[in-house]
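Okay, so here's the structure we're looking at.
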């Protein structure tokens, strides 16, 4: 009975490891050039295997990365718009000051 429990535990651990490794492999292919990934796996297999396992366990999915990228883009666009508005307001203020100076010079 004890051997069955240990066997099921080991099989479960192997299945989880295989799942995480495949998930990591998919993420590596999504993030990097396919040719480089294949060479990386062939040349540095032990490191690549650990890398895939860690990515599979802890890395965010493609959907989460895309959502974060969109949020970052929106924040960046908002900052750019704010800068543009500030620049336009400053230009308008400078133009008003310049116009006042020109009027003062005409009146003298």
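All of the numbers you see were taken from the coordinates with simple rules; none came from a lab. Bear in mind that the values here come from a model prediction, so they are computed numbers and not experimental data. Glycine also receives a Cβ, built like all others from the backbone with ideal geometry; neighbour counts cover every protein chain displayed.
Just to be sure I understand the model, the point goes 7 Å from the Cα along the line to the Cβ. What's the resulting residue 86 to residue 103 distance in nm?
2.9 nm
Between residue 34 and residue 14, what FRET efficiency follows from the Cβ-Cβ distance if R0 is 22 Å, with the result rounded to 0.05?
Taking R0 as 22 Å, the efficiency between residue 34 and residue 14 is 0.25.
In deg cm²/dmol and to the nearest 500, what is the mean residue ellipticity at 222 nm of the chain if only DSSP H runs of at least 4 residues count, each as -39500 (n - 2.57), divided by the residue total?
Counting only the DSSP helices, I get -33000 deg cm²/dmol.
Enter the angle in degrees (range 0 to 90, nearest 10) between the Cα long axis of helix 62-107 and the first principal axis of the Cα atoms of the chain, meaning the one along which they spread out most.
Compared with the principal axis, the helix lies near 10 degrees.
Assuming a viscosity of 1.567 mPa s and a temperature of 4 °C, what translational diffusion coefficient in µm² per second does Stokes-Einstein assign to the chain, Rh being the Kirkwood radius over Cα pairs?
Calculated translational D: 67 µm²/s.
By count of other Cβ within 10 Å, fewest leading, how are 22, 43 ordered?
So the ranking, lowest neighbour count to highest, is 43, 22.
What does segment 52-92 give for Rg and for Dmax, in Å, if only its C-alpha atoms count?
Rg and Dmax of segment 52-92, Cα atoms, are 17.6, 57 Å.
Post the alpha-carbon centroid distance, segment 57-108 to segment 8-27, in whole angstrom.
Here the two parts' Cα centres lie 48 Å apart.
Please give the helix 2-31 orientation as an angle from the longest Cα principal axis of the chain, in degrees from 0 to 90, rounded to the nearest 10.
Around 30 degrees separate the two axes.
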